[in-house]
């Protein structure tokens with residue numbers, strides 16, 4: 001089903017598979033995002049996964065920079081995530097393109113549970129990783145903050161928190177360029193002993209074993225930044241906090257441009273580069289997700305997180 | 001240790017016990033808050049609990065409207081909450097004033113764990129309540145939203161979520177004046193089945209039994225408002241979300257005045273009216289907490305939540 005158009009990708013070119021049907025406002029915003037991303041970075045090519053007539057809206061404008069994998073079906077928000085792997089959906093096809101080397105990374109604004117399930121099955125987890133994590137970037141007073149997990153693994157467990165601290169540290173070295181990122185555990189007070197049982201156990205273990213660990217931080221330290229570069233929490237709390245902070249920014253009229261960050265989360269712990277955008281993503285958000293995916297591929301994210 | 005000053009309280013007067021030593025910036029901000037609250041409402045009197053020389057700063061300005069309970073010791077942020085009940089602290093004395101009928105309600109910006117512990121022991125829990133809840137009010141697009149629990153009970157449990165839904169409904173009838181408030185459960189997606197095990201179990205039970213239940217909402221629905229008047233979650237997630245939203249508002253430059261709400265949380269499920277302010281509360285926040293306590297007492301909050 002794959003057809004190639006235009007010049008072959010050179011050695012410097014990064015090819016990103018894009019799920020044309022993922023997101024509440026797909027395919028229109030995905031087409032917008034694809035065009036914005038191609039204009040912003042001359043060294044990327046896109047592997048467009050979705051209905052031919054949608055892909056053609058991008059191809060018609062930028063004929064030399066896309067391949068197409070014609071797939072008609074998406075995963076709906078009310079579908080079980082398993083639909084993404086059992087049926088020939090755009091998410092499954094985008095994952096297959098990465099697994100088979102036809103693309104270097106993939107971007108989807110589809111249901112994140114479906115993307116996580118399809119990626120874990122199609123690309124495999126990194127050695128020793130029990131649960132993958134979605135790592136978001138949040139704007140903050142000074143530098144952006146990495147928050148993880150924001151929804152890949154909603155059940156709370158101390159051992160998963162420890163693993164995600166280590167994945168988050170590797171991610172921050174690549175995406176924020178920090179040698180030893182400051183890692184914190186999210187809790188409901190900053191003194192040791194604050195929080196629930198799982199948090200108290202994880203705090204103790206991180207103090208003993210995690211390089212760069214600075215201790216507990218509170219919800220306000222994520223948007224305000226300051227004590228930590230990476231904030232670790234369970235996928236339930238992280239998802240709630242991310243959406244709450246985004247909603248508060250929206251209600252208050254937004255964050256000024258110098259503090260804007262990609263509105264996209266990287267899936268960590270998977271043997272492939274996968275970026276998930278918010279279901280309500282705009283074209284600009286999709287473009288920032290495609291740019292993030294290209295950056296993570298070029299910076300060898302998978303190699304770093306698996307070491 | 002209690003000394004009365006000025007005219008006796010009339011039948012219309014509400015007397016609020018105020019912890020002069022609670023909060024990061026106590027006692028200065030508490031003195032400011034006490035004076036602001038007295039100026040704003042001629043029908044309240046304050047029962048000032050703390051060092052005599054601090055109480056005197058309020059007494060000197062408004063001699064006819066205060067009583068004093070001279071107590072020198074506070075609970076520090078690093079102390080165990082049990083210190084609040086084992087030692088003669090300002091929190092314990094303020095709780096005793098309510099228990100013994102010398103005050104109608106109490107307000108503290110001290111460590112919330114200490115206030116909750118002291119109140120549960122000194123005032124008792126309402127019949128059938130296993131875990132008390134702290135209910136915060138958040139500004140939102142339209143009407144304010146009640147979020148609970150924001151930190152009284154950090155361990156997740158489906159049965160506690162159900163009980164807190166019912167306490168939150170009673171609270172919203174009193175503080176927002178709604179006949180049947182719309183109640184929602186916080187999760188990481190709005191379709192049934194989203195979230196962790198405890199959330200899925202609670203969602204099912206609430207659908208069957210909770211009047212006004214509208215289903216699942218996400219983190220962004222708390223600051224944006226819309227689907228629900230009351231949003232129920234565990235004390236860990238609620239605390240993180242509240243502080244995250246407040247931090248985002250601060251980073252984005254704040255919320256416009258018509259949307260401002262009391263920055264104070266009511267302790268529900270306790271046989272007495274107790275309001276907890278943020279540790280970093282300002283004088284204005286303390287004054288809004290005192291006004292909220294007076295309003296809850298006048299609206300018979302305890303009677304409504306225990307029915």
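Which whole-number percentage describes the relative contact order of region B:53-139, with Cα contacts under 8 Å and a sequence gap of 6 or more?
Computed value for region B:53-139: 25 percent relative contact order.
For region A:148-307, calculate the relative contact order in percent as a whole number, restricting contacts to Cα pairs under 8 Å that are 6 or more residues apart.
Numbers: 239 pairs, mean separation 43.9, N = 160.
Relative contact order, region A:148-307: 27 percent.
For residue B:207 and residue B:176, what is the calculated FRET efficiency with R₀ set at 22 Å and r taken between the beta-carbons, to the nearest 0.05?
The computed FRET efficiency comes out at 0.45.
Arrange the following residues from fewest to most other Cβ atoms within 10 Å of their Cβ: A:157, A:108.
A:157, A:108
In region B:181-247, what is the volume of the convex hull around the alpha carbon atoms, normalised per residue and reported in Å³? Write out the running numbers ahead of the final one.
Numbers: hull volume 5.3 nm³, N = 67.
Roughly 79 Å³ of hull volume per residue.
Once the principal axes of the Cα atoms of region A:14-134 are found, what is the range along each, listed largest first in whole angstroms?
The Cα atoms of region A:14-134 stretch 42, 30, 21 Å along the principal axes, largest first.
Pop the C-beta distance of residue A:121 and residue B:61 into the FRET formula with R0 = 60 Å and round what comes out to the nearest 0.05.
Using R0 = 60 Å, I get an efficiency of 0.30.
Let me check against my output: what whole-number percent is the relative contact order of chain A, with C-alpha pairs under 8 Å and at least 6 apart?
Relative contact order comes out at 23 percent.
Quickly work out the residue B:12-to-residue A:200 label distance, labels modelled 7 Å from Cα along the C-beta direction, and quote it in nm with one decimal.
My value for the distance between the label points is 5.0 nm.
Across chain B, how large is the tail of the calculated P(r) beyond 34 Å, expressed as a percent of all Cα pairs?
Above the 34 Å cut-off, chain B has 18 percent of its Cα pairs.
Given the C-alpha centroids of region B:203-281 and region A:128-158, what is the distance between them in whole angstrom?
Between the Cα centres of region B:203-281 and region A:128-158 lies a distance of 23 Å.
Across the Cα atoms of region B:83-166, what radius of gyration and what greatest pairwise Cα-Cα distance (Dmax) are found, in Å?
14.3, 44
Helix A:283-298: angle to the longest alpha-carbon principal axis of chain A, degrees 0 to 90, nearest 10?
Rounded to the nearest ten degrees, it is 80.
Return one number: the angle in degrees, 0 to 90 and rounded to the nearest 10, between the long axis of the Cα atoms of helix A:197-209 and the longest principal axis of the Cα atoms of chain A.
Result, in degrees: 90.
With a ≥ b ≥ c the root eigenvalues of the C-alpha gyration tensor of region B:201-283, is it rounded (a/c under 1.5), prolate (a/b larger than b/c) or oblate?
Judged from the Cα gyration tensor, region B:201-283 comes out oblate (a/c at least 1.5, b/c at or above a/b).
Which Rg and Dmax, in Å, describe the Cα atoms of region A:132-182?
11.2, 31
For residue A:100 and residue B:191, what does the FRET efficiency come to when R0 = 51 Å and r is the distance between their Cβ atoms, rounded to the nearest 0.05? Working shown, then result.
On the way: r = 32 Å, r/R0 = 0.63.
Calculated value: 0.95.
Please compute the Kirkwood hydrodynamic radius of the protein assembly as shown from all pairs of different C-alpha atoms, in Å with one decimal. Spell out each step's value before the answer.
Working: mean 1/r = 0.0394 Å⁻¹.
For the protein assembly as shown, the Kirkwood estimate is 25.4 Å.
I need the semi-axes of the equivalent ellipsoid of region A:78-223: take the C-alpha gyration tensor, multiply each eigenvalue by 5, square-root it, list largest first in whole angstrom.
30, 17, 14
Two-decimal Rg/Rh of region B:152-272 from alpha-carbon positions, Kirkwood Rh?
Details: Rg = 14.3 Å, Rh = 15.0 Å.
Here the Rg-to-Rh quotient is 0.95.
Every number in this text was worked out from the coordinates using simple rules, so none of it is lab data. Being a predicted model, the structure only gives us computed values, none of them experimental. In this analysis, Cβ positions are derived from the backbone assuming ideal geometry, glycine residues included, and neighbour counts consider all displayed protein chains.
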